[in-house]
Amino acid sequence: MPPRRRSALLALLVADEPGRPQIILGELRRVILDGAVPPSTAIPLREVAELFGVGHTPVRAALDTLMGEGLVTHQPRSGYLVAQLSAAELSEMYTVRETLETASLAAAARHATEADIEAVLTVHADLEAAIRDDDLLAYHRCSRRFHVALTRPSRMFRLLRMLETALHATEPVRTVVHADRSGWLALHNDHAHMLDAFLARDVDRLLTTAGTHHRRLESVGATLAETRSGGDSLGSVRTPRRMPSAPSPTAFLRTTRPKQRVTDTQPR
């Protein structure tokens, strides 16, 4: 019998700290959300437990939590696997995500404090840095943080927990990674317009721009579903982790991005 193939996920887990349950859960979630391993990748219970120096119980508990988040599935003969969304399921989750985000954005724009605004500006600066560094993986991570920072000021905590689940389901696809150059520049330009509307507390414009952004995300996901072949799945890691070279994205953004306004920062 040939030796069992080692799971690609194991090499990406960091086990520098003692294997507390939250550490194990956080590491597994980080690797899956980064999209660094394709859907249907095996998550071997025994090997993960050995890596963290724990028994099977805390690893199984972490995997059960991730199953509840839609990131992991379990099959009787195959064990635990990174979840794979069909094109229809991905479209459905984007619809759920947009519905929840729309509700939270409206409240967030009205009630954001100066601290909330500073948090959004900080994350957007990180997005700009990722663009300058041509670092797609960093941009992918910061994009999620940007959406979370925009919605958190709503203080609608139950809704935000549901939105987090929807983000978990769509995040491993790494939409920005699979978009072409014009596509990811357009996604970033959407972020700039959303920020501008948020700072101006212009709810109507914010929701209109967010809707455009979601249509763009769905369009990239639909394109992925149409073009995948030979067993490729949504979230495949065949795309390079670096952004394409010239022309400069920052030059493009300087001509298309709206001027950011920082006035009227007190909640009404």
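The values are calculated or read from the model by the stated rules, or taken from the named source; none is laboratory data. Here the structure is a predicted model, which means the values were calculated and not measured. Here the Cβ is made from the backbone with ideal geometry for all residues, glycine too, and neighbour counts use every protein chain on show. In case anyone asks, the SASA skips ligands and DNA or RNA and just uses the protein heavy atoms, side chains included. Shrake-Rupley method; radii C 1.70, N 1.55, O 1.52, S 1.80 Å.
In this structure the stretch 1-104 gives 54 Å² per residue of accessible area when probed at 1.4 Å with all protein chains present. Once the C-beta distance of residue 134 and residue 60 is scaled by a Förster radius of 30 Å, the resulting FRET efficiency is 0.15 to the nearest 0.05. Rounded to the nearest 0.05, what FRET efficiency is calculated for residue 30 and residue 78 with R0 set to 22 Å and r the Cβ-Cβ distance? FRET efficiency, residue 30 to residue 78: 0.45. The alpha carbon gyration tensor of the stretch 124-203 gives principal lengths a ≥ b ≥ c with a/c of 1.5 or higher and a/b no greater than b/c, which makes the shape oblate. Normalised by the number of residues in the stretch 25-167, the mean separation of alpha-carbon contacts (under 8 Å, six or more apart) gives a relative contact order of 24 percent. 3J(HN,Hα) couplings calculated from phi for the stretch 152-159 with the Karplus curve 6.51 cos²θ - 1.76 cosθ + 1.60 (θ = phi - 60°) are, in sequence order, 4, x, 5, 6, 8, 5, 5, 5 Hz; Gly and Pro show x. For the pair residue 92 and residue 219, the difference between a 0.36 nm per residue extended length and the Cα-Cα distance amounts to 44.4 nm. Within the stretch 38-58, what residues put their amide N at less than 16 Å from the label point 7 Å along the Cα-to-Cβ vector of residue 15? Hits in the stretch 38-58 for residue 15 at 16 Å: 43-58. Shown is the FRET efficiency for residue 110 and residue 158, computed with R0 = 22 Å from the Cβ-Cβ distance and rounded to the nearest 0.05: 0.75.
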